[in-house]
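Trainee: Just dropping this structure here.
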């Protein structure tokens, strides 16, 4: 029997090795073939329409993914949500405005999963600027979700399939609460916090949202929704009340239109006309001409367009003064991190790299973060203070979210910019960890031992938390909150009590934060960069993007194809296609994000400045 199992194991192991080698050599020779046949074949034909077709979520910074692993995950249906870089789209639109070869801009949001309000507004600004060229902007899709429609509404003409509809739902802040579940399995969740509104811990100590959290969330969500509906109304020459009525009366109106949501969208002024895909294709062929090879209208995606107009290597003029831009996107985590998270060591190193460049006269920190580790936040802030001490101007530009730890790293800037729809504030701090003694004891597992002092082994997840240790942690959290108040007070020219009144962990919209003095000016990243240059006394300057230095392996992959291009080529190789968001993919993302956030909690002091303030 032993010999049989040994032979069986040997056979399975040999089969595994053979399959892995086959896959390796297929990929290896395919890569070599592509490399030999590669070369920039992209070109811009005269008269083409630039197609803006974002895939997945629109982001400030692409999350780093190993391109081969990402493609294989997608092929097996286990892929991460796709992402499209906001600034690639904006760069393409800006260049297309002045490019005579581009005759129109087509917005096709079918594969777009979502985007924050500030990102949609940034795109809207770029499209409005493009319209000044006199070129048409046209949007088409089979139907429109809320964020898809916002982007489409920026077009001169919006067309939709006859089976579609425009589905506007409003904004919500919905969380998952675990208290009863934790009680059921006997987990003791020890929470230490300061601030009436510091609701990031509520999912673990409540089964519903507190009234204080509802009050705060209702205020900033209302501001964001007002901006969102007003923007759509302006784009479509409607009133904001028209949008509100469309949503409020949707059920009854749909009955009146006998369930024809597409016809209703047209008559309510949200869509210009209904067209099948074939009709839209014919319309575009009349407008920009036919591509004989592909039997469609002459078109080019923004990715292909950028590849055609950008050189193989970015050129940096060594003689000009610079405004450096450092992006901090994601959860703030201690240590070094790749793109997608804000590593305290990684971002502080980028700031240090910028301030040690004698040509850099100003630094703009672009923040898109709900916070995280208080320790890592302080490491980043200290590096910014050192830049200021050297005479370098520091400006913060806030994206969708710059709250809690995101505000900690922003507070001491010479100037803070935000969009009215930015989520910010949440000035508070907490500590939290579970102990599992009850479920362990229930199944006959016990922890015991001795120590040289009463504080030896102070936190043990298999033992009850000692009262004295809990008091020490709470005192430390309260001290951290006082430090947070001091940081904000020094940065914003306020007293401790003035900050405390608007702190307490409460979240504000950018509009509210501006009125309260937490934000200096309302505007975009481009405006923040221009302001930083003025503060530094620069009339002529170049913008310098300061990014993490790639490893040798990452450099090889980028030099071979570039991350995005490599992923696309591998997707073609394994037969994967662009996918639309589904209820399953949204549910899996919500669950994964919840537990992934907990996995990133690595503050050495277990003190966190975090805001769970995403919107749905």
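The values are calculated or read from the model by the stated rules, or taken from the named source; none is laboratory data. A quick note: this is a predicted structure, and the numbers were derived from the prediction, not measured. Every residue, glycine as well, gets a Cβ built from its backbone with ideal geometry; the counts of neighbours run over all protein chains shown.
Trainee: Determine which single condition residue 317 fails, assuming it passes every other condition in (1) crowded, with 16+ Cβ neighbours inside 10 Å; (2) in contact with a strand residue (DSSP E or B) (Cβ under 6 Å, 6 or more places away or on another chain).
Mentor: Of everything listed in (1) crowded, with 16+ Cβ neighbours inside 10 Å; (2) in contact with a strand residue (DSSP E or B) (Cβ under 6 Å, 6 or more places away or on another chain), residue 317 misses just condition (1).
Trainee: Further question: Scan region 165-190 for residues that are in the same structural domain as residue 263 (by TED's automatic domain parsing) and outside any loop (DSSP other than H, G, I, E, B) and report the count.
Mentor: 1
Trainee: Still on this structure: Given the conditions (1) in a loop (DSSP other than H, G, I, E, B); (2) over 30 Å from residue 380 (Cβ atoms), which single one is not true for residue 317?
Mentor: (2)
Trainee: For region 223-238, how many residues are out of contact with any strand residue (DSSP E or B) (no Cβ under 7 Å at 6 or more places or on another chain) and either crowded, with 22+ Cβ neighbours inside 10 Å or touching a residue at least 60 places away in the same chain (Cβ under 8 Å) (or both)? Talk me through it step by step, then tell me what you get.
Mentor: Applying the first criterion (out of contact with any strand residue (DSSP E or B) (no Cβ under 7 Å at 6 or more places or on another chain)) to region 223-238 yields 225-238.
Now narrow it down to the ones that are either crowded, with 22+ Cβ neighbours inside 10 Å or touching a residue at least 60 places away in the same chain (Cβ under 8 Å) (or both): 227-229, 231-232, 235-236.
So the count comes out to 7.
Trainee: Considering only region 321-343, how many residues are under 18 Å from the mean Cα position of the chain (by Cα) and over 22 Å from residue 535 (Cβ atoms)? Walk me through how you get there before you give the answer.
Mentor: First pass over region 321-343, keeping only residues under 18 Å from the mean Cα position of the chain (by Cα): 325-333, 337-343.
Filter once more, so that each one left must be over 22 Å from residue 535 (Cβ atoms): 329-333, 337-343.
So the answer is 12.
Trainee: A further question follows. Of the conditions (1) more than 23 Å from the chain's Cα centre (by Cα); (2) surrounded by 21 or more Cβ atoms within 10 Å (Cβ to Cβ); (3) closer than 30 Å to residue 484 by Cα, residue 104 fails just one. Which one is it?
Mentor: Of (1) more than 23 Å from the chain's Cα centre (by Cα); (2) surrounded by 21 or more Cβ atoms within 10 Å (Cβ to Cβ); (3) closer than 30 Å to residue 484 by Cα, only one is false for residue 104: (3).
Trainee: Every residue in region 322-356 that is in contact (Cβ under 8 Å) with a residue 24 or more places away in the chain, assigned to a loop (DSSP other than H, G, I, E, B) and touching a strand residue (DSSP E or B) at 6+ places or on another chain (Cβ under 7 Å), please.
Mentor: Within region 322-356, 330, 331, 334, 335, 341 qualify.
Trainee: While we're on this one: Check whether at least one residue in region 449-467 is touching a strand residue (DSSP E or B) at 6+ places or on another chain (Cβ under 8 Å), assigned by TED's automatic domain parsing to the domain that holds residue 353 and either within 26 Å of residue 615 (Cβ to Cβ) or crowded, with 24+ Cβ neighbours inside 10 Å (or both), and report yes or no.
Mentor: Taking region 449-467 first, the residues touching a strand residue (DSSP E or B) at 6+ places or on another chain (Cβ under 8 Å) are 459-465.
Checking the rest, the ones that are also assigned by TED's automatic domain parsing to the domain that holds residue 353 come to 459-465.
Now drop any that are not either within 26 Å of residue 615 (Cβ to Cβ) or crowded, with 24+ Cβ neighbours inside 10 Å (or both), which leaves none.
For region 449-467, residues touching a strand residue (DSSP E or B) at 6+ places or on another chain (Cβ under 8 Å), assigned by TED's automatic domain parsing to the domain that holds residue 353 and either within 26 Å of residue 615 (Cβ to Cβ) or crowded, with 24+ Cβ neighbours inside 10 Å (or both): absent.
To keep it simple, each residue is scored yes or no on (1) crowded, with 24+ Cβ neighbours inside 10 Å; (2) at pLDDT 95 or above; (3) under 20 Å from the mean Cα position of the chain (by Cα).
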residue: 414; (1), (2), (3): no, yes, no
residue: 417; (1), (2), (3): yes, yes, yes
residue: 420; (1), (2), (3): no, yes, yes
residue: 424; (1), (2), (3): yes, yes, yes
residue: 447; (1), (2), (3): no, no, no
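Trainee: Kindly list, by first and then second residue, each pair from a residue in region 239-257 that is not assigned by TED's automatic domain parsing to the domain that holds residue 228 and assigned to a helix (DSSP H, G or I) to a residue that is surrounded by 14 or more Cβ atoms within 10 Å (Cβ to Cβ) and at pLDDT below 95, limited to pairs with Cβ atoms under 6 Å and residues at least 6 apart or on different chains.
Mentor: If the second residue must be surrounded by 14 or more Cβ atoms within 10 Å (Cβ to Cβ) and at pLDDT below 95, no pairs are left.
Trainee: Which of the numbered conditions does residue 306 fail, given that it passes all the others? Conditions: (1) touching a strand residue (DSSP E or B) at 6+ places or on another chain (Cβ under 7 Å); (2) outside any loop (DSSP other than H, G, I, E, B).
Mentor: Single failed check for residue 306: (1).
Trainee: Now a separate question. Restricting the search to region 146-164, which residues are buried (at least 22 other Cβ atoms within 10 Å of the Cβ) and in a loop (DSSP other than H, G, I, E, B)?
Mentor: The answer is 154, 155.
Trainee: Give me a count of the residues in region 414-435 that are in contact with a helix residue (DSSP H, G or I) (Cβ under 7 Å, 6 or more places away or on another chain) and under 15 Å from residue 362 (Cβ atoms).
Mentor: 3
Trainee: Take the residues of region 191-216 that are crowded, with 22+ Cβ neighbours inside 10 Å and in a helix (DSSP H, G or I): which is nearest to the chain's Cα centre (by Cα)?
Mentor: Ranking the qualifying residues of region 191-216, first place goes to 200.
Trainee: Let me ask you something else. Please specify each residue of region 482-510 satisfying the condition of being touching a residue at least 24 places away in the same chain (Cβ under 8 Å), assigned to a helix (DSSP H, G or I) and either over 18 Å from residue 223 (Cβ atoms) or within 21 Å of the chain's Cα centre (by Cα) (or both).
Mentor: Listed by number, the residues that qualify are 484, 485, 487, 488, 490, 491, 492, 499, 510.
Trainee: Further question: Test residue 434 against the stated conditions and say whether it is within 20 Å of the chain's Cα centre (by Cα) and either surrounded by fewer than 24 Cβ atoms within 10 Å (Cβ to Cβ) or assigned to a loop (DSSP other than H, G, I, E, B) (or both). Quick ask: steps written out before the conclusion?
Mentor: On the way: within 20 Å of the chain's Cα centre (by Cα): no; either surrounded by fewer than 24 Cβ atoms within 10 Å (Cβ to Cβ) or assigned to a loop (DSSP other than H, G, I, E, B) (or both): yes.
For residue 434, the condition - within 20 Å of the chain's Cα centre (by Cα) and either surrounded by fewer than 24 Cβ atoms within 10 Å (Cβ to Cβ) or assigned to a loop (DSSP other than H, G, I, E, B) (or both) - is not met.
Trainee: Still on this model: State whether the residues of region 511-519 include one that is closer than 30 Å to residue 361 by Cβ, in a loop (DSSP other than H, G, I, E, B) and in contact (Cβ under 8 Å) with a residue 40 or more places away in the chain.
Mentor: Checking region 511-519: at least one residue is closer than 30 Å to residue 361 by Cβ, in a loop (DSSP other than H, G, I, E, B) and in contact (Cβ under 8 Å) with a residue 40 or more places away in the chain.
Trainee: Does region 160-172 contain at least one residue that is in contact (Cβ under 8 Å) with a residue 12 or more places away in the chain and farther than 27 Å from residue 140 by Cβ? Don't jump to the end; show me each part of the working.
Mentor: Within region 160-172, the first condition is being in contact (Cβ under 8 Å) with a residue 12 or more places away in the chain, and the residues that meet it are 160-172.
Among the residues that remain, those that are also farther than 27 Å from residue 140 by Cβ are: 172.
There is at least one residue in region 160-172 that is in contact (Cβ under 8 Å) with a residue 12 or more places away in the chain and farther than 27 Å from residue 140 by Cβ.
Trainee: Might you let me know whether region 396-411 holds any residue that is touching a helix residue (DSSP H, G or I) at 6+ places or on another chain (Cβ under 9 Å), assigned by TED's automatic domain parsing to the domain that holds residue 364, in contact (Cβ under 8 Å) with a residue 24 or more places away in the chain and surrounded by fewer than 24 Cβ atoms within 10 Å (Cβ to Cβ)?
Mentor: Within region 396-411, one or more residues are touching a helix residue (DSSP H, G or I) at 6+ places or on another chain (Cβ under 9 Å), assigned by TED's automatic domain parsing to the domain that holds residue 364, in contact (Cβ under 8 Å) with a residue 24 or more places away in the chain and surrounded by fewer than 24 Cβ atoms within 10 Å (Cβ to Cβ).
Trainee: Condition test on residue 220, is it modelled with pLDDT of 95 or more and crowded, with 17+ Cβ neighbours inside 10 Å? Write out each step before concluding.
Mentor: On the way: modelled with pLDDT of 95 or more: no; crowded, with 17+ Cβ neighbours inside 10 Å: yes.
For residue 220, the condition - modelled with pLDDT of 95 or more and crowded, with 17+ Cβ neighbours inside 10 Å - is not met.
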